[in-house]
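The values are calculated or read from the model by the stated rules, or taken from the named source; none is laboratory data. Note that the structure is predicted; figures quoted are calculated from it, not measured. Heads up, the Cβs are rebuilt from the backbone with ideal geometry, glycines too, and the neighbour counts pull from every protein chain shown. These accessible areas exclude ligands, DNA and RNA; they are computed on the full protein's heavy atoms, side chains included. Shrake-Rupley method; radii C 1.70, N 1.55, O 1.52, S 1.80 Å.
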Amino acid sequence: MIRKITTIACMLLIAAVSVNCSNDDDNNDIKNETKAMYVLEDQMGRPAINTVFVATEDKDDFNTTIPSEQGAKYASKFKTNLEALSPAFNESTDTNALGQDATAFTTLLATDVLNVSLDGKTSFYDGSDGTLLTGRNLTDDVITTELLLIFGGEDFDENPTLSDDHVDANDKEFLTEFPYLASPW
Amino acid sequence: MKTSKILLGLATIALVSGAIIAADHIDAPDVKGGTSDITDFYAFEGASASNLVFVANVQGLISPENSASAKFDKDVMVEINIDTDGDNIEDLVIQAVPNGNNMDVYGPAVPNETGGVSTMLDAKFKSSVAVTTYGTTQIAATVNASLVSGVKAFAGLRDDPFFMDFAKYTEIIGGTATSFDNPGADTFAESNVLSVVVEVPKTMIGGTGTINTWVTTKRKQ
């Protein structure tokens, strides 16, 4: 199915380019004829969203649904999955520690983009000062943050055995300068 | 709150998501284990507060033994998408495309088209950096076209920066464990990924405010 859509998209693009060229007798557009097309295969914004919230049969589709169309297509599915997954969301009045009920939380997550501030501290979540969703640092313990938001309930104190994997840092120190990532093993 | 309810919930999600989890490693059947499989995406303020850093990693769980032969796929573009006006449609892109022993990095610049199909940006937006060979420590210098002066790029193997007790999570959703261990064990310890790191002046991506960003891999047709 996806392949079919891709093929159709390619054909349309080829058609558009061809029309362009035939309308242009001075051949300035010849570059367009040879311009390679690259077609979407995988994407991500926030960590672990496709893995946790998307059903197996939808995973490839989620990867090839552009973010501006993900919310309408996936928010209600995410909500169903969240409520099935977490006892912290088994009452309709339940919220996570951000005060989001299941609808608000999954509406945010279904559009899988990373929100990043250009004006200061960047972090997925920093409990020490409450910085939230202003980027993603290498050191951010994003899985524990997500487990807490999924299982931790209103005060991060529900389901404690499931809301922290107790791996809090990388196995190698990150660099303070470019390229920031640690050297390979 | 009851254990039985928790286990029921976890059993359900095991059916929903399959018994795999990671940041985005091996997330879906079509890309799992392939050369376009994104493992992670980061965006953070650089060592200079004037810059933002994007990290896009692909092809995870590369062992040290397999690292010398690991390489970027010449037909896979890693594209960083930047929405500056809040509609979740890319206003700017950065495109990393392997070119021989180099990684060519185009942008940030307005894309030729938005959505699922991309063509390469014009060469006037090109930076280029040698792909760092496994086993060497020197970080290669980036060569910039004048329009993208100030863009710094790295491409090559790095330690996978992702950390999680994935093995225990798998046991929990498989029903053979009921809680995480403390301390947990990092399943991604001592494994490498292929990384593309691009540091850009914030002035090139909107300057101020909030951006929405995501990474895509796209295959040449």
Handout entry: Whole-Hz couplings from phi, Karplus 6.51/-1.76/1.60, listed for segment A:132-137; x for Gly and Pro
Key = 9, 6, 10, x, 9, 7
Handout entry: Reference-scaled alpha-carbon Rg (2.2 N^0.38 Å with N residues) for segment A:140-183
Key = 1.50
Completion exercise
Rounded to the nearest 100 Å², the accessible area hidden between A and B, summed over both chains at a 1.4 Å probe radius, is 7600 Å²
Practice task
Starting at the first residue of segment A:109-114, write each ³J(HN,Hα) from the Karplus equation 6.51 cos²θ - 1.76 cosθ + 1.60 with θ = phi - 60°, in whole Hz, x for Gly and Pro.
Solution key: 6, 5, 8, 8, 10, 9
Handout entry: Solvent-accessible area per residue for segment B:71-177 (1.4 angstrom probe, square angstrom)
Key = 39 Å²
Exercise for the section: Working from the alpha-carbon coordinates of chain B, get Rg over Rh, Rh being the Kirkwood radius. Expected result: 1.02
Problem - Within segment B:38-127, trypsin sites (Lys or Arg not before Pro) in DSSP loop having at most 12 other beta-carbon neighbours inside 10 Å - result: B:Lys74
Exercise for the section: Please average, across the residues of B:28-36, the number of beta carbons from any other chain that are within 10 Å of each residue's own beta carbon, and give a whole number. Expected result: 5
Practice task
Rank B:Ile38, B:Phe54, B:Thr136 by how far each Cα sits towards the positive end of the charge dipole of chain B (+1 on Lys, Arg Cβ; -1 on Asp, Glu Cβ) and give me just the farthest.
Solution key: B:Thr136
Practice task
With a 10 Å radius around each residue's Cβ, average the other Cβ atoms per peptide and rank A:141-147, B:147-153, B:172-178, B:53-59, highest first.
Solution key: B:53-59, A:141-147, B:147-153, B:172-178
Problem - Over chain B: helical MRE at 222 nm, DSSP H runs n ≥ 4 each giving -39500 (n - 2.57), nearest 500 - result: -3500 deg cm²/dmol
Handout entry: Per residue, in Å², the accessible surface of segment A:65-171 once ligands and nucleic acids are set aside, probe 1.4 Å
Key = 38 Å²
Exercise for the section: Run the dipole for segment A:56-185 about the Cα centre, Lys and Arg Cβ at +1, Asp and Glu Cβ at -1, nothing else charged, and hand back the magnitude in debye, nearest 20. Expected result: 440 debye
Completion exercise
Treating only Lys and Arg (+1) and Asp and Glu (-1) as charged, each at its beta carbon, one finds that the protein assembly as shown has a dipole about its Cα centre, in Debye to the nearest 20, of 980 debye
Fill in the blank from the handout: Candidate cut points under GluC sites (Glu not before Pro) in segment B:117-221, DSSP loop plus at most 15 other Cβ atoms within 10 Å of their own Cβ, are B:Glu190
Handout entry: Net dipole in debye of chain B [+1 Lys, Arg Cβ; -1 Asp, Glu Cβ; about Cα centre; nearest 20]
Key = 200 debye
Practice task
Working from Cα positions, state the angle (0 to 90°, nearest 10) between the long axis of helix B:3-17 and the longest principal axis of chain B.
Solution key: 40 degrees
Handout entry: Rounded accessible area of B:Ser48 (nearest 10 Å², 1.4 Å probe)
Key = 50 Å²
Completion exercise
Taking every residue of B:114-121, the Cβ atoms of other protein chains inside 10 Å of its Cβ average out to 6
Problem - Dipole of the protein assembly as shown [Lys/Arg +1, Asp/Glu -1 at C-beta], most positive-end residue of A:Phe174, A:Phe62, B:Tyr169 - result: A:Phe62
Fill in the blank from the handout: Computed ³J(HN,Hα) along segment A:79-93: with the Karplus parameters 6.51/-1.76/1.60, θ = phi - 60°, integer Hz and x for glycine or proline, the list is 5, 4, 5, 4, 5, 6, 6, 10, x, 6, 10, 8, 10, 5, 8
Practice task
Run the accessible area of segment A:49-155 with a 1.4 Å probe and give the carbon-and-sulfur part as a rounded percent.
Solution key: 50 percent
